[in-house]
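First comes the structure, then the notes that go with it.
The values are calculated or read from the model by the stated rules, or taken from the named source; none is laboratory data. Keep in mind it's a predicted model, so treat the numbers as computed, not measured. Counting neighbours? That spans all protein chains shown, and the Cβs are built from the backbone with ideal geometry, glycine included.
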Amino acid sequence: MLLRTVLLALSLAISLSGSAQQPQLPLLELFAGMHRVEAEVAATSESRQTGMMQRTIMAPQRGMLFVFPEVAAHCMWMRNTLLPLSVAFLDEKGRIINIEDMQPKTDQNHCASKPARYALEMNLGWFRSRGLGAGFAITGIDKAPSGR
């Protein structure tokens with residue numbers, strides 16, 4: 001019983017911290033319909049460049065919201081990122097423009113098909129498994145800070 005409690009506590013600590021090498025980012029609660037997302041917010045140039053690098057685990061409801069300072073055809077890549085991820089590019093109102101699946105440790109660009117304000121990274125297949133696609137609105141995005 002004690003071992004199970006210790007393992008549960010360790011698992012929770014790992015899922016909350018992601019990586020000891022990265023600074024703690026603010027969290028923003030988002031919703032994709034009935035699905036709740038705890039999104040770490042990368043709103044600065046430095047936090048967007050670091051993104052999910054070096055992480056080995058991410059809880060199913062966790063993600064990272066990249067907030068860009070301008071609406072543009074932004075691209076993402078996976079250098080030094082150890083987890084397979086899916087990224088949804090979002091317009092200014094939080095509507096999904098397109099979703100791209102990304103494999104770990106690659107330099108391949110994954111780009112918004114139209115100008116985007118945000119990108120939401122989740123575990124690989126998260127959007128597909130919930131039936132979410134282009135045009136679907138992610139709510140709570142209006143509480144995101146401005147990108148810098």
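Below is a table of values for the structure above.
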| quantity | calculated |
| --- | --- |
| Search result, residues across region 49-61 that are buried (at least 20 other Cβ atoms within 10 Å of the Cβ) and touching a residue at least 60 places away in the same chain (Cβ under 8 Å) | Gly51, Met52, Met58 |
| Meets criteria (surrounded by 10 or more Cβ atoms within 10 Å (Cβ to Cβ), among the acidic types (Asp, Glu) and at pLDDT 90 or above) for Glu70 | no |
| Test for Asp101: is it surrounded by fewer than 21 Cβ atoms within 10 Å (Cβ to Cβ), without any contact (Cβ under 8 Å) to a residue 40 or more places away in the chain and charged (D, E, K, R) | yes |
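Quick grid of which residues meet (1) among the small types (Gly, Ala, Ser); (2) in contact with a Pro (Cβ under 9 Å, 6 or more places away or on another chain); (3) under 21 Å from Gln61 (Cα atoms):
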site	(1), (2), (3)
Leu83	no, yes, yes
Ser86	yes, no, yes
Ile96	no, no, yes
Ala116	yes, no, no
Leu124	no, yes, yes
Phe127	no, no, yes
Ala134	yes, no, yes
Ile141	no, no, yes
